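Following: one structure in structure tokens, then a few remarks.
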Amino acid sequence: MATIEHAGTATVGEWLGVAGATVTQYLARYAGTDNPCPEPDVKIRQGKGFVYGWAPSREQEWRDWGTRRLGQGAAGTSKPGSGRRSQPE
């Protein structure tokens, strides 16, 4: 059986310019919103949780998601569900 390589949260973080732990937070924060993170191609059970992986060919999908991302750090926006609204210009 051939080994299939996937990109984990640390690599996705490199694509987005954030830490891998931030990608893990994004997965939870944006689940069920109008802009959820790209679904992982693989979930590996590790202890009580999972390790997620995406095909390296999905880098552009993640980059596109990052440009649509609303929340802290995105100009004029706040975290989804924070109760804060963006200020009109």
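For this structure, a couple of remarks:
- All positions within segment 13-22 that are closer than 17 Å to Gln46 by Cβ and either of a type in the set (Asp, Glu) or buried (at least 17 other Cβ atoms within 10 Å of the Cβ) (or both): none
- Those residues of segment 41-50 which are outside any loop (DSSP other than H, G, I, E, B) and of a type outside the set (Val, Ile, Thr), in sequence order: Lys43, Arg45, Gln46, Gly49, Phe50
Yes/no per residue for (1) outside any loop (DSSP other than H, G, I, E, B); (2) out of contact with any helix residue (DSSP H, G or I) (no Cβ under 7 Å at 6 or more places or on another chain); (3) at pLDDT below 95:
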| position | (1), (2), (3) |
| --- | --- |
| Ala21 | yes, yes, no |
| Thr33 | no, yes, yes |
| Glu39 | no, yes, no |
| Tyr52 | yes, no, no |
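- Segment 31-49, residues that are among the hydrophobic types (A, V, I, L, M, F, W, C) and surrounded by 13 or more Cβ atoms within 10 Å (Cβ to Cβ): Cys37, Val42
- Hits in segment 1-47 (condition: charged (D, E, K, R) and within 19 Å of Ser57 (Cβ to Cβ)): Glu5, Glu14, Glu39, Asp41, Lys43
The values are calculated or read from the model by the stated rules, or taken from the named source; none is laboratory data. Values in this document were obtained by computation on a predicted structure and should not be read as measured data. Counting neighbours? That spans all protein chains shown, and the Cβs are built from the backbone with ideal geometry, glycine included.
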